[in-house]
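Report on one structure; see the data block that follows.
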Amino acid sequence: MFCRVIVDIVHENVAHTYTYMIPEGMSLQPGSRVLVPFGKRETEGIVLGLSETADIPEDKLKSVIRTLEDYPAILPQLLELAAEMAEQNHCPQAETLRLMLPAEMRGGRIRSRTIDVARLRVTADEAMKAAAAEKRSPKRRMLLEILADGADHAVRDLGVQVKDPSVPLKKLAEDGLILLEKRESLRTPCNLFHSADEKPPELTPGQKEALSEILPALRGKPGRFLLHGVTGSGKTEVFMAAVRQVLDLGKTAIILVPEIALTPQMVDWFRTRFGSAAAVLHSRLSPGERYDEWRRIRRGEAQLVIGARSAVFAPLDRLGLIVIDEEHETTYMNDHHPRYDARDVALSRCTREGATLILASATPSILSFARARRGDMMLLEMPNRVHDRPLPQVETVDMRKELENGNRTVLSGALRQALKECISRGEQAMLLMNRRGYNSFVSCRSCGYVVRCGNCDVSMTYHVGGTDNKLVCHYCGQECAPPSVCPKCGSSYIRYFGAGTQKVEDEVSRLLPDIAISRMDIDTTSGKDGHSRILDDFRSGRTRVLIGTQMIAKGLDFPKVTLVGVVSADMTLNLPDFRSRERTFQLLTQVAGRAGRGSVPGRVIIQTYKPDDPVISQAAAQDYRSFFETEFQRRRNSLYPPFTVMVRLLVESGSADQAERTANELYESVRKMTDGNPEWKKRVLLLNTDRAPIHLLRGKERTQVLLKLLVHPETEKLCARLSELAREEREGAEVYYEYNPTTMI
Ligand code: ADP
Ligand code: ZN
Ligand code: ZN
């Protein structure tokens, strides 16, 4: 017998399968991991298929050295998925196969952990008799008495009652009274032995209605659903009930949630509902925990996986359901190589494995909602909060008026007043700022005017360049000098915009000097538990005001928060990205959803220089439908996805010169490529090269070649070539191929 093996080496030259002989008596299946000779060394590989014949003479073939596990590590359906993804990404299968395994499993970097276990070898009566007869060693007597219950006892646990039990245990084993064994012990990230007896609440009419569509799909023809429910409508209970049904049918389920929402509380909550049937997978697990959870899933000991993006590859057999909560989140896009969108992977798995897919969000992505409207998914709506709790009341504050009235600080009069009242009532407040440093646009404080590119309808980015500060459009490369007076109203208050969380913190502590404040941003959350410490302080009430970046908007549930302030809605709105409106709507709606989760109704204050922008009023009214209609039209008119495809070749280099040179070379190659093919040329709407919006990131100089292409089969062929171009080896620079990237910073 022979097998085809993909070796675990990522290189163009080895991106195909190799044939090996299977030694007598070795049992292999597709998906088995093996050790094989490769050139002068040994390497790990994955068996893709078996055959009775080989296309190479036998004397030229080498044999498999050994198998790495006694079970196939990769399920057949996941082998197919890896092959499909390699084809879509134009990359070697060795790369996509790696997604299917915990990283630490490769290269044998992790072992299973064993513990010593003691157990009685004789009857309980005999043990008690022996204990009574044991005069010399009180330790041995105690151990026998404990072990007389007939159960397995970990030696480590025995050590709690009997000091240093190893020597007496060994003696008891020699006397034939007990057995000492090594037993594999799984490292589980939390307490596994929660009882699964938590009863779900009585469902609301909205929840029942959604389930009346989902449950039949789980039992019969698999469905595709987009569950659109306002914040607090109880979407979680809907998919919990769906999961329960799937498990009752003897099938398995995956729930994907944004990494940041995977708090210990959330995991605990799942465990109380589903007990040890639930496994978790996310990046904060230790390597040992991740490996052991993965094996629990692979062996079928866990039937429900809750995890971040990469849990979409969980090795569950008999898959019945995948749920993607907060489906609009950009975290579901993996921007590193090999690139994938967990939503697309989920769809592919569900189709291949006959499972149902549920995407859930209060603010579905434009793409998903468009699909649902077209009929590719069934739209399920839950327009009301549980128990008819009111949606928070949202007000917008016109920051232009604040300036007019002489207030040049970052907090409006209304927000100051609301903060004081909220704190004096003993409640809590959250203030939302934006990611710092990513965005620098020029806007007018008097009228809110923002300099935008006439070609592209995105805001232009401010570049500080020694003597010549300039504004650049990152989509088409157009440049202009920053205006010194506002072209719209003539005010001279037109300037670079940007204020950080630090500044807000200073102003709040001046306003409320006796109140403890937490600040959560990239600076304060470094370190392993930076995050949870800040959140714990706030949850427990030790701090009363939480100031943070987008991180605080997501999925957090603090019942005592009654006031949410958005310090500036304009930051996101003016991101140099065609999705800036979508992001703004999502952010404002999500953040508004943080207010009034408890019994006290919430209040939300949005500060902006553009109170008349429809996206602000739509978010304030929490009117997703009209937001969608406006935005969908705009995408059509300005030719943005889903009507077009954006492709970026991102260059990173230690040297600015090299980054620029590489981008220019790429640009020339792409031009030749498209000039040489009229079918391609027709589909290119835009082709340019420029510095990236963040031209320096983590010490790397960044440049880019950007293309906007019409949706068409020819475009896909061109993209395959562009991806190959990016993968060519070069000195001193890395090139990344990005297809409809989530952010273009
Ligand atoms: P969403 O995800 O739609 O924003 P959640 O699922 O977080 O909403 O639910 C909001 C709150 O309502 C949670 O505290 C949840 O425990 C509670 N809840 C959900 N369904 C019910 C129900 N049927 N009865 C009582 N409380 C519920
Ligand atoms: Zn103006
Ligand atoms: Zn432009």
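The values are calculated or read from the model by the stated rules, or taken from the named source; none is laboratory data. The shown structure was predicted, so the numbers you read here are calculated from the model rather than taken from an experiment. Cβ: placed from backbone, ideal geometry, glycine included. Neighbour counts: every protein chain shown. Remember, those area values only see protein heavy atoms, side chains included, never the ligands or the DNA or RNA. Shrake-Rupley method; radii C 1.70, N 1.55, O 1.52, S 1.80 Å.
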List the extent of the Cα atoms of segment 228-284 along each of their three principal axes, largest first, rounded to whole Å. 30, 29, 17
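With every protein chain left in place, what is the accessible area per residue of segment 68-174 in square angstrom, probe 1.4 Å? Please report the intermediate quantities before stating the final value.
Values: 5770 Å² over 107 residues.
Here the residues of segment 68-174 average 54 Å² of exposed surface.
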When we measure straight from the Cα of Lys488, which lysines land under 21 angstrom away, once same-chain ones fewer than 8 places off are left out? Lys401, Lys470, Lys610
Just the accessible area for His712, please: 1.4 Å probe, Å², rounded to the nearest 10? 60 Å²
Straight-line reach from Lys681: which lysines fall under 19 Å, measuring Cα to Cα and dropping same-chain residues less than 8 apart? Lys672, Lys708, Lys717
Can you give me the angle between helix 580-592 and the longest principal axis of the chain, using Cα atoms only, in degrees from 0 to 90, rounded to the nearest 10? 70 degrees
Kindly sort Lys208, Lys139 by accessible area of their heavy atoms, largest first, with the probe set to 1.4 Å. Lys208, Lys139
Once both axes come from the Cα atoms, what is the angle between helix 264-274 and the longest principal axis of the chain, in degrees from 0 to 90, rounded to 10? 50 degrees
Can you compute the label reach from Leu249? Point 7 Å from Cα along the Cβ direction, backbone N cut-off under 12 Å, restricted to segment 202-226. 214-224
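Run the numbers on the chain and let me know its relative contact order in percent, using alpha-carbon pairs under 8 Å that are six or more apart. Walk me through the intermediate numbers first.
On the way: 1393 pairs, mean separation 70.6, N = 745.
Once divided by the residue count of the chain, the mean separation gives 9 percent.
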Which residues qualify? For Ile65, with a placed amide H closer than 5 Å and at least 5 residues away or on another chain, they are Leu35, Val36
Set of lysines with alpha-carbon distance to Lys135 below 24 Å, sequence-local pairs under 8 removed: Lys163, Lys170, Lys171
Scaled by the rule-of-thumb 2.2 N^0.38 Å, the alpha carbon Rg for the chain gives a ratio of 1.10
Leu512 accessible area, assembled protein chains, probe 1.4 Å, Å²: 20 Å²
So the carbon and sulfur contribution to the accessible area of segment 48-104, 1.4 Å probe, in percent, is 48 percent
Please compute one quarter of the surface area of the Cα convex hull for segment 1-85 and express it in square nanometres. 5.8 nm²
For segment 1-51, alpha-carbon Rg over 2.2 N^0.38 Å: 1.07
To test your reading of the geometry: what angle, between 0 and 90 degrees and rounded to tens, separates the Cα axis of helix 287-298 from the longest principal axis of the chain? 70 degrees
So the carbon and sulfur contribution to the accessible area of segment 233-354, 1.4 Å probe, in percent, is 51 percent
In Å², rounded to a whole number, the accessible area per residue of segment 182-338 with probe 1.4 Å is 38 Å²
Compactness check, segment 28-185: C-alpha Rg relative to the 2.2 N^0.38 Å globular estimate gives 1.67
Could you list which residues have their amide H under 5 Å from that of Val323, counting only those 5 or more apart in sequence or on another chain, with H placed in the peptide plane? Ile254, Ile255, Leu256, Ile358
The correct ranking of His387, His474 by accessible area at 1.4 Å, largest first, is His387, His474
Quick one: accessible surface of Val711, probe radius 1.4 Å, all protein chains present, in square angstrom to the nearest 10. 90 Å²
In Å², rounded to a whole number, the accessible area per residue of segment 544-698 with probe 1.4 Å is 35 Å²
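Sorted by accessible area with a 1.4 angstrom probe, largest first, how do Thr123, Thr19 fall? Can you show the working numbers first?
On the way: Thr123 75, Thr19 30 Å².
Listed by decreasing accessible area, they come as Thr123, Thr19.
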Exposed loop GluC sites (Glu not before Pro) only (DSSP loop, at most 15 other Cβ atoms within 10 Å): please give the longest stretch of the chain free of them, not including the sites. 302-727
Given the rule -39500 (n - 2.57) for each run of at least 4 DSSP H residues, summed and divided by the residues of the chain, what is its mean residue ellipticity at 222 nm, to the nearest 500 deg cm²/dmol? -10000 deg cm²/dmol
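Once neighbouring chains are kept in place and the probe is 1.4 Å, which whole percent of the accessible area of segment 698-745 is contributed by carbon and sulfur?
48 percent
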